[in-house]
Amino acid sequence: MCWSATADLVAGAGVTAVGVACVTRVRAARDLPLAALPLLLGAHQLVEAAVWDAGGGGGPATVAWAVIALPLLAVWVPAGVWCAAPPSARRGSGLLLAVGVVTAAGLAHGLAVGPVTAEIRGHTIGYATHLAHPVPLIAGYLLATIGSLLMSGDRRLLVLGIFVAVGALACWALWRLEFVSTWCAFAAVCSVLLLGWVRARPARR
């Protein structure tokens, strides 16, 4: 299916519905942030549909998309994993959460001081913003988001982390200039695996 406003609307609506199912099935408060991730990612795809309709540019939809994709996810994912992690994995999850917080601060600064623009390139969208140190920020971002899943101490989250990591490599190889957009779409679809994770989680005693 070619990426377009329609594709983002369909994917966003489907992933958002999975997010609602995840949140309503949560049995322990500590699992709520991670269970709500599909809800956030589904809404993120709906925001990108608005970017398509606007023809790209630097409007409110573009800025909202970038805020969710960059600083918010850099903190949300490792924070959700840290909340849900067993005691044996809390230390590693805490370190990756700290990486996410520092990375999010750098990304937020880049969004604040420089313009954020979106350019429609065929069936993909390329986003551009000013980052003073792009390489360490991108490395920190991937470490916080993918690394936290891989080091979560949970088999189902490990599987999700592997899927997202493979998707990141594929998106970078195929759509380097549109990496953030294509990888976020891939991650949104992969997040439906969290429904199985929520169903398998024990209730908090």
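The values are calculated or read from the model by the stated rules, or taken from the named source; none is laboratory data. For clarity, every value in this text was computed on a predicted model and none was experimentally measured. Every residue, glycine among them, receives a Cβ derived from its backbone with ideal geometry; neighbour counts consider all protein chains shown. Just the protein is used for accessible areas: all its heavy atoms, side chains included, with ligands, DNA and RNA removed. Shrake-Rupley method; radii C 1.70, N 1.55, O 1.52, S 1.80 Å.
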Whichever residue in the stretch 142-174 is part of a loop (DSSP other than H, G, I, E, B) and not aliphatic (A, V, I, L, M) and, among such residues, is surrounded by the fewest Cβ atoms within 10 Å (Cβ to Cβ): Gly153
Residue list for the stretch 34-56, filter: crowded, with 17+ Cβ neighbours inside 10 Å and either at positive phi or touching a strand residue (DSSP E or B) at 6+ places or on another chain (Cβ under 6 Å) (or both): Val51, Gly56
Residue among Asp8, Asp31 that alone is assigned to a helix (DSSP H, G or I), open to solvent by less than 60 Å² (accessible area, probe 1.4 Å) and in contact with a Lys or Arg (Cβ under 6 Å, 6 or more places away or on another chain): Asp31
Set Ala98, Ala89, Ala139: member being modelled with pLDDT of 95 or more and either assigned to a helix (DSSP H, G or I) or closer than 18 Å to Cys184 by Cα (or both): Ala98
Pair list, Cβ under 7 Å, 6 or more apart: the stretch 47-72 residue within 16 Å of Trp183 (Cβ to Cβ), other residue part of a loop (DSSP other than H, G, I, E, B) and open to solvent by 10 Å² or more (accessible area, probe 1.4 Å): Ala66/Val116; Ala66/Thr129
Boolean, Val47 is among the aliphatic types (A, V, I, L, M), in a helix (DSSP H, G or I) and closer than 21 Å to Gly196 by Cβ: no
Filter pass, Pro115 being open to solvent by 60 Å² or more (accessible area, probe 1.4 Å), touching a residue at least 12 places away in the same chain (Cβ under 8 Å) and not in a strand (DSSP E or B): yes
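Inside the stretch 42-61, can you point out the residues that are over 23 Å from Ala17 (Cα atoms) and out of contact with any Asp or Glu (no Cβ under 9 Å at 6 or more places or on another chain)? Give the steps one after another, and end with the answer.
Looking only at the stretch 42-61, we keep the residues that are over 23 Å from Ala17 (Cα atoms), and these are 54-60.
Ala54, Gly55, Gly58, Gly59, Pro60, listed by residue number.
Residue-by-condition table, conditions (1) open to solvent by 30 Å² or more (accessible area, probe 1.4 Å); (2) aromatic (Phe, Trp, Tyr):
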{"position": "Trp65", "(1), (2)": "no, yes"}
{"position": "Ala74", "(1), (2)": "no, no"}
{"position": "Val77", "(1), (2)": "no, no"}
{"position": "Ala85", "(1), (2)": "no, no"}
{"position": "Ser88", "(1), (2)": "yes, no"}
{"position": "Leu96", "(1), (2)": "no, no"}
{"position": "Gly100", "(1), (2)": "no, no"}
{"position": "Thr103", "(1), (2)": "no, no"}
{"position": "Gly106", "(1), (2)": "no, no"}
Answer residue from the stretch 1-36, given it is more than 15 Å from Arg199 (Cβ to Cβ) and of a type in the set (Val, Ile, Thr) and is farthest from the chain's Cα centre (by Cα) among those: Thr6
Filter result (more than 16 Å from Leu73 (Cβ to Cβ) and either in a loop (DSSP other than H, G, I, E, B) or open to solvent by less than 50 Å² (accessible area, probe 1.4 Å) (or both)) within the stretch 175-190: Trp175, Glu178
Selection from the stretch 191-203 of residues that are within 13 Å of Gly19 (Cβ to Cβ) and assigned to a helix (DSSP H, G or I): Leu193, Leu194, Leu195, Trp197, Val198
Pairs with Cβ under 7 Å, 6+ apart, first in the stretch 130-141 and in contact (Cβ under 8 Å) with a residue 40 or more places away in the chain and farther than 21 Å from Pro115 by Cβ, second open to solvent by less than 80 Å² (accessible area, probe 1.4 Å) and not charged (D, E, K, R): Gly140/Val99; Gly140/Thr103
Qualifying position, being farther than 20 Å from Gly94 by Cα, of a type in the set (A, V, I, L, M, F, W, C) and touching a residue at least 24 places away in the same chain (Cβ under 8 Å), among Leu169, Leu195, Leu157: Leu195
